[in-house]
């Protein structure tokens, strides 16, 4: 069985079946990322379709500096961010909601804006860190499950999550600003995990 990189290379060389094989191999995981990130089945399906079309067209630009699965996950995350921006004026659910239900119409504009800001911050991270955080912190997979999906050691996932959370804590630090006592409490940005950085990740961006 060809590995992911080989399938992608076959696709770029004109093999009409290679990309379909790659999609079948990872579609369930990518669908789960889109659904957990957006919290709406219809939006998630559209985002996944957008992402797969983007991956199909952009395959020639894949440089091999990250796992194909990581590359695909990042494209899905970006598609979700684009969807969120397009529906910014509509209600949604909080980022950390673990549900497949239709968004609650009672959610307010502040929640929509916060979700937009969090997703935009995720998009600013290096590809490896963003993919790890989406799987662990957004989708709710264990570190062990994320390691299997990304085909990297468990320690590498922990390292990427720790680095990503540190960057997000800086990017979203303004969310710590105290509000008026009558206002809802501010949402705290992700905190850096107390993790030992594996030696192989010590020089990672």
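Just so it is clear, none of the values below were taken in a lab; they were calculated from the coordinates. Predicted model, so just to flag it, every value in this text is computed and none were measured. In this analysis, Cβ positions are derived from the backbone assuming ideal geometry, glycine residues included, and neighbour counts consider all displayed protein chains.
Label-to-label distance, residue 3 versus residue 28, with points set 7 angstrom from Cα along the beta-carbon direction: 2.3 nm. Once the chain from residue 58 to residue 154 is taken as fully extended at 0.36 nm per residue, the excess over their C-alpha distance is 31.7 nm.
Length available on full extension from residue 41 to residue 145: 0.36 nm per residue minus the Cα-Cα distance, which gives 35.2 nm. Here the mean projected area of the convex hull built on the C-alpha positions of segment 1-93 is 6.0 nm². The label point for residue 82 and the one for residue 120, both projected 7 Å from the Cα toward the Cβ, are 1.8 nm apart.
In angstrom, the C-alpha Rg and Dmax of segment 1-50 are 12.8, 36.
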